Amino acid sequence: MLPRTVLLMLHVDQILDQEKCTDSGYKTLENSDKPLFFKDLSKVFQCFKGFSASNTIFIEEEPYKALLNPDNTGVFPLSYDPSDTKDNLLDPEGEFCSYLDGLANSSDVQAYIKEHPFGQPMIDSSHPDWSYYRRVSKIVS
């Protein structure tokens, strides 16, 4: 068995608040009043030396925010609803915590995420809105 990986969990909004996010200049497809911001992990890697795509997981409810990041670095669970008694996203015995436990036992974050998808899929060429997101992400990158 591989040695257990220590997961550094940071609230990315503290590092990549709206001022530090990349503003695309566009609006989200879901809400024409909401600016489309990207959360670029390279900015996190600049702040925390030793962290990279192979040892960092980006957890976000909105997959489009990860478009500037390397593939298979993001996990996109549905929003937690505390009023829903059946929502077990944060349950220590639930599926998501089990997923994180498996991730902690892996040696490569990207390989684990690719082999064990969880939650919403990342936005790639198979996504129905790919042409929009590809165009926007190319403009800002």
Quiz prompt | Those trypsin sites (Lys or Arg not before Pro) in the stretch 36-100 that DSSP places in a loop and that have at most 15 other beta carbons within 10 Å | solution = LYS49, LYS86
Practice problem: Kindly express, to the nearest 10 degrees and within the range 0 to 90, the angle between helix 130-140's C-alpha long axis and the longest C-alpha principal axis of the chain. | Solution: 80
Practice problem: Measure nothing fancy, just the Cα-based angle from helix 95-104's long axis to the longest principal axis of the chain, in degrees from 0 to 90, nearest 10. | Solution: 80
Quiz prompt | Calculated from backbone phi, Karplus (6.51, -1.76, 1.60) coupling profile of the stretch 54-66 in Hz, x at Gly/Pro | solution = 7, 9, 10, 10, 10, 9, 8, 7, 10, x, 4, 5, 9
Quiz item: How far apart, in nm, are the 7 Å Cα→Cβ label points at LEU90 and GLU115?
Solution: 3.1
Self-check item: Restricting the stretch 26-126 to GluC sites (Glu not before Pro) in coil, as DSSP defines it, with at most 15 other Cβ within 10 Å
Solution: GLU30, GLU61, GLU93
Practice problem: Towards the positive end of the charge dipole of the chain, with charges on Cβ (+1 Lys, Arg; -1 Asp, Glu), say which of GLN120, CYS97, GLN110 has the farthest Cα. | Solution: GLN110
Practice problem: Search the structure for amide H atoms under 5 Å from the amide H of PHE58, placed 1.01 Å from N in the peptide plane, and list their residues when 5 or more places away or on another chain. | Solution: GLY74, VAL75
Quiz item: Here are some pairs, LYS39/LYS138; LYS34/LYS114; LYS20/LYS65; LYS114/LYS138; LYS27/LYS65; which of them have Cα atoms lying more than 18 Å apart in this structure?
Solution: LYS34/LYS114; LYS114/LYS138
Quiz item: How far apart, in nm, are two points set 7 Å out from the Cα along the Cα-to-Cβ line at SER98 and at GLN46?
Solution: 4.0
Exercise. Please state the charge dipole magnitude for the chain, taken about the Cα centre, from unit charges on C-beta atoms (+1 on K and R, -1 on D and E), reported in debye and rounded to the nearest 20.
Key: 700
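Read-outs throughout are calculated quantities, based only on the coordinates presented, and are distinct from any laboratory measurement. Small disclaimer: the values here were computed from a predicted structure and weren't measured. Cβ coordinates were reconstructed from backbone atoms using ideal geometry, including for glycine residues, and neighbour counts include every protein chain displayed.
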